[in-house]
Amino acid sequence: MVVPVVPARVPLRQAWPPGLVARYRAAGYWRGETFPGFLRERAQQYADDIAVVGGERRLSYAQLWDEAGRIGAGLLGHGLQPGDRVVVQLGNTVDFVTVVCGLFRAGLVPVYALPAHRFTEVAHVLRNAEANAYITTAQYEGFDYRLLARELQAAIPALRHVLVVGDAAEFTAVDALQGDTAHLPPDPDPQAVAFLQLSGGSTGLSKLIPRTHDDYLYSFRASNAICGITRDSVYLVALPAAHNFPMSSPGFFGALYAGARVVLSAGAGPDTAFPLIARERVTCVGLVPPLALLWAQAAATTAHELSSLQVVQVGGAKLVPEAARRVIDGLGCQLQQVFGMAEGLVNYTRLHDPLDCVLGTQGRPISPDDEVLVVDDHGHPVAPGEVGHLLTRGPYTIRSYHNDPGANARSFTEDGYYRTGDMVQQLPGGYLVVQGRAGDHINRAGEKISAEEIEDHLLAHAGVFDAAVVSMPDPYLGERSCAFVIARGERPSAASLKAWVRGRGLAAFKVPDQVVFVDAFGTTAVGKVSRRELRAQLRAHHIAQTGETR
Ligand code: OOB
């Protein structure tokens, strides 16, 4: 018998010490539930209730279950095997939910790419996850993902299966998948890794975040209680569905867990979202600060009925108190601040918190067993109320990234705390106020950009001698990216450098918003000062010179 040689892959694992496993189970956080398990239950309990709405499609809970079964069985029939990792790059359409649920039913492991990602990012994720399949869509927001699929397939021999929603051209059509659901595997081990989420990426390219069934289900089940999600709720996915915030805080998975209705909005702007809110009577939505402000402004003159909205959650980047006030006044509903991270820890202001707390803090952790430490540069706890580095561990915060010993050594303490990279102040009652980042990334309206990653791309340009990418305060985006560049020989134009970065196959949001040419990087000799200090100096100097403030 000829056995096909499948190269050994780095196993997916996420393990907490046995003592904590016992504790999290005893406390009822980890209940042994799984994605396929809860989806099956809801399909039985709420068979005819509408689960997912997007465009003109509406699926009931029973239909979602069946559609997931068709896709899952079809993928196995197509040659995929349980345990295979599948990069999913889909927009906010019903297919996002059916495909991901289909992967869960088949024991396949979704790896989530954002629609904005391009060749460099998707290739990195495919390789790092050792994925053999890629599921994407023909067209979304004016981009043809089949072109990207062709480039990826040419570059990555291990990518054996490409499936496309819509017109699949030479690839396999997701719509045409068929298979026998009797061949679907039994429900997985609740402690197994269910999927890989992408990190915001503060150094270099994104890291892969393995989340287990038990830990993730806990995070959105507990979020439901905190965010008031019940079977009567209607949750709008306005941000990209692949992002952890609209996925699980409480997100569409929280909504599905509750038996509520999920509505997917292809765009996040008021023009697309407001008519949907009116039509579907949306009760809850998660937004990043600039969008929340845009919505608050647009609400004043809209003809659409927004009165169903009960809770508007804002997170992903800092919402300053004046902006928080404008969101409440403009939208006339409850504001909930959400400070979370794909690695785990999520903080919420509570729905009954006093106004000053909702305006002025980023909330407190979901779980009584979320351990939070605020420490100085040497790792020692700061005095109560002082600003320090936020470290955390708990029942839904990872203990390691996938296949990245270097990042693991940097990002986790010996006793398993995750170094979030955020500078915070902890108030009485455990409420956190985010003061900024210790690390070198730019939080551009909730999209995280690694300074190092963009510097590497700039340095690959023949006309660039050196480059430092920093965040600049921006009245609309919160932060924008600014590249300080020392030219080599004739100075290239700012526009040509931006085009260069874009041409490197990167998400558009990573293209520097601003390019500033300088002759040298300050007076301190480069090489003697860390990149981090250098970036801080350039940023401070530029702000002082231009008088820019937030
Ligand atoms: C969310 O997740 P990520 O993984 O894209 O980014 C996490 C980082 C945090 O470490 C922090 O630096 C920043 O985003 N952040 C905030 C914030 N929420 C996130 N900074 C200030 N204020 C906030 N409210 O962004 C994310 C994941 C789940 C829920 C919500 C957001």
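The values are calculated or read from the model by the stated rules, or taken from the named source; none is laboratory data. Owing to the predicted nature of the structure, the values given are computational and were not obtained by experimental measurement. Note: ideal-geometry Cβ built from the backbone for every residue, glycine included; neighbour counts use all protein chains shown.
Only one residue in ALA460, ALA499, ALA467 is crowded, with 19+ Cβ neighbours inside 10 Å, small (Gly, Ala, Ser) and farther than 30 Å from LEU359 by Cβ. Which one? Write out each step before concluding.
Details: ALA460 fails: crowded, with 19+ Cβ neighbours inside 10 Å; ALA499 fails: crowded, with 19+ Cβ neighbours inside 10 Å.
From the options ALA460, ALA499, ALA467, the qualifying one is ALA467.
Applying the selection to segment 452-510, what residues are outside any strand (DSSP E or B) and of a type in the set (Lys, Arg)?
Step one: filter segment 452-510 for residues outside any strand (DSSP E or B), giving 452-463, 475-477, 488-510.
Hits for segment 452-510 are ARG488, ARG491, LYS498, ARG502, ARG504, LYS510.
One line per residue, one yes/no per condition, for (1) within 27 Å of the chain's Cα centre (by Cα); (2) within 25 Å of PHE143 (Cβ to Cβ):
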residue	(1), (2)
LEU458	yes, yes
SER471	yes, no
GLY503	yes, yes
VAL516	no, no
ILE543	no, no
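Just need a number here: residues in segment 393-433 that are small (Gly, Ala, Ser) and more than 20 Å from the chain's Cα centre (by Cα).
5
Any idea which of (1) under 20 Å from VAL109 (Cβ atoms); (2) surrounded by 15 or more Cβ atoms within 10 Å (Cβ to Cβ) is the one ALA138 doesn't satisfy?
All conditions are met except number (1).
So, LEU177, is that one touching a residue at least 24 places away in the same chain (Cβ under 8 Å) and out of contact with any Cys (no Cβ under 8 Å at 6 or more places or on another chain) or not?
yes
When residues of segment 472-497 are filtered for being in contact (Cβ under 8 Å) with a residue 40 or more places away in the chain and under 17 Å from HIS457 (Cα atoms), how many remain? Working first, answer last.
Residues of segment 472-497 in contact (Cβ under 8 Å) with a residue 40 or more places away in the chain: 472-479, 482, 484.
Next cut, under 17 Å from HIS457 (Cα atoms) only: 482, 484.
Adding up the residues that qualify gives 2.
From the list PRO290, PRO275, which one is within 16 Å of the ligand (Cβ to nearest atom) and either over 30 Å from GLY436 (Cα atoms) or in contact (Cβ under 8 Å) with a residue 60 or more places away in the chain (or both)?
PRO290
Could you pull out every one of the strands (runs of 3 or more DSSP E) wholly within segment 337-445 that has 1 or more residues that are away from the ligand (no atom under 12 Å from the Cβ)?
371-375, 387-393, 418-426
Between residues in segment 416-434 that are at positive phi and modelled with pLDDT under 95 and residues that are outside any strand (DSSP E or B) and more than 12 Å from the ligand (Cβ to nearest atom), which pairs lie under 8 Å by C-beta distance while being six or more apart or on different chains?
none
Any idea which of (1) among the polar types (S, T, N, Q); (2) touching a Ser or Thr at 6+ places or on another chain (Cβ under 8 Å); (3) more than 21 Å from PHE245 (Cα to Cα) is the one THR413 doesn't satisfy?
(2)
For segment 150-170, indicate whether the set of residues that are of a type in the set (A, V, I, L, M, F, W, C) and in contact with a Cys (Cβ under 8 Å, 6 or more places away or on another chain) is non-empty.
Taking every residue of segment 150-170 in turn, none turns out to be of a type in the set (A, V, I, L, M, F, W, C) and in contact with a Cys (Cβ under 8 Å, 6 or more places away or on another chain).
Please enumerate the residues belonging to segment 29-50 that are under 23 Å from ASP215 (Cα atoms) and not in a loop (DSSP other than H, G, I, E, B).
PHE35, PRO36, GLY37, PHE38, LEU39, ARG40, GLU41, ARG42, ALA43
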